[in-house]
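The values are calculated or read from the model by the stated rules, or taken from the named source; none is laboratory data. Remember, predicted model here, so these are calculated numbers, not experimental data. Note that each Cβ is placed from the backbone with ideal geometry, even for glycine, and that neighbours are counted across all protein chains shown.
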Amino acid sequence: MKWIRRVLLVLALAALGLWLWSVLFPGPEKIIRKRLAALAADVSFHGKEGPMVRAAKIARLLGLFSLDAEITFDAPGRGVQSLRGREDIRQAALSAQSALSSVTVDFLDVNVTLAPDKQSAVVDLTARGRVGSERGAFVQEMKFTFPKIDGKWLIVRVETVRTLSRGGGPLLAVSQTHDGGGIAASVGR
């Protein structure tokens, strides 16, 4: 009976050690997913946030990107937008915060593909955003490129993936019907 207890104790300690190792030293995919969750949280804002909170979000947002990051995306109603470098990203974030009452962004269907050397990764995902009190959400397929720079996974490139389309703008717009009883979707640009 004593040996069973010892074996169970050793197994429990080994499981605890593995869990602790995974918490203290997460793998690249877990780190990248965490950075994407932080990006979605820092891009999202609502009207009740004070200027200090919004400034802190922008500062955290900039820390997720490399100095020379490039972003090319289809902005709803504005066509293709391009940003180069942290200063452009900062200006775009400030402009969005001053022009819009709120923005909510989530990343769905996140697929992380690590390079064989585990020093870079490409992430394909679906970005869903809602602006202000608009009933509809805009959905776009996005591609993020993450190299490991000075020990940190930083975003160097973000682009809208063009699928089943010819023009600019979101591929799919989803909104709730006027009676509140259903969801309507429009496909196209």
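Taken over the stretch 34-53, residues that are surrounded by 17 or more Cβ atoms within 10 Å (Cβ to Cβ) and of a type in the set (K, R) amount to 1. Being hydroxyl-bearing (S, T, Y), over 21 Å from T163 (Cβ atoms), surrounded by fewer than 13 Cβ atoms within 10 Å (Cβ to Cβ) and out of contact with any Asp or Glu (no Cβ under 9 Å at 6 or more places or on another chain) is true of S133.
Criterion first (surrounded by 13 or more Cβ atoms within 10 Å (Cβ to Cβ), in a strand (DSSP E or B) and either at pLDDT below 95 or within 18 Å of the chain's Cα centre (by Cα) (or both)) does R162 satisfy it? Judged against the criteria, R162 is not a match. Just one of (1) closer than 26 Å to K152 by Cα; (2) touching a residue at least 12 places away in the same chain (Cβ under 8 Å); (3) in a helix (DSSP H, G or I) fails for V110. It is (3).
Yes/no per residue for (1) of a type in the set (D, E); (2) touching a helix residue (DSSP H, G or I) at 6+ places or on another chain (Cβ under 7 Å); (3) closer than 15 Å to K34 by Cα; (4) buried (at least 16 other Cβ atoms within 10 Å of the Cβ):
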{"residue": "K57", "(1), (2), (3), (4)": "no, yes, no, yes"}
{"residue": "R60", "(1), (2), (3), (4)": "no, yes, yes, no"}
{"residue": "A69", "(1), (2), (3), (4)": "no, yes, no, yes"}
{"residue": "G77", "(1), (2), (3), (4)": "no, no, no, no"}
{"residue": "R84", "(1), (2), (3), (4)": "no, no, no, no"}
{"residue": "S98", "(1), (2), (3), (4)": "no, no, no, no"}
{"residue": "F107", "(1), (2), (3), (4)": "no, yes, yes, yes"}
{"residue": "A115", "(1), (2), (3), (4)": "no, no, no, no"}
{"residue": "Q119", "(1), (2), (3), (4)": "no, no, no, no"}
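V112 meets each of the listed conditions (1) at pLDDT below 95; (2) in contact with a Phe, Trp or Tyr (Cβ under 9 Å, 6 or more places away or on another chain); (3) farther than 29 Å from R135 by Cα apart from (1).
When we screen I31, I58 for residues that are closer than 18 Å to L108 by Cα, β-branched (V, I, T) and either outside any strand (DSSP E or B) or free of Cβ contacts under 8 Å to residues at least 40 places away in the same chain (or both), the only hit is I31. For the stretch 35-48, does any single residue satisfy the condition of being without any contact (Cβ under 8 Å) to a residue 24 or more places away in the chain, in a strand (DSSP E or B) and not small (G, A, S)? No, there is no match, as no residue in the stretch 35-48 is without any contact (Cβ under 8 Å) to a residue 24 or more places away in the chain, in a strand (DSSP E or B) and not small (G, A, S). Take V123 and tell me if it is buried (at least 17 other Cβ atoms within 10 Å of the Cβ) and outside any helix (DSSP H, G or I). It is true that V123 is buried (at least 17 other Cβ atoms within 10 Å of the Cβ) and outside any helix (DSSP H, G or I).
Keeping to the stretch 126-152, report how many residues are closer than 30 Å to S98 by Cβ and assigned to a strand (DSSP E or B).
So the count comes out to 17.
Quickly run through the stretch 61-89 and pick out the residues that are free of Cβ contacts under 8 Å to residues at least 60 places away in the same chain, outside any strand (DSSP E or B), over 20 Å from R130 (Cα atoms) and not small (G, A, S). Once the filter is applied, which keeps residues that are free of Cβ contacts under 8 Å to residues at least 60 places away in the same chain, outside any strand (DSSP E or B), over 20 Å from R130 (Cα atoms) and not small (G, A, S), the stretch 61-89 yields L62, R86, E87, D88.
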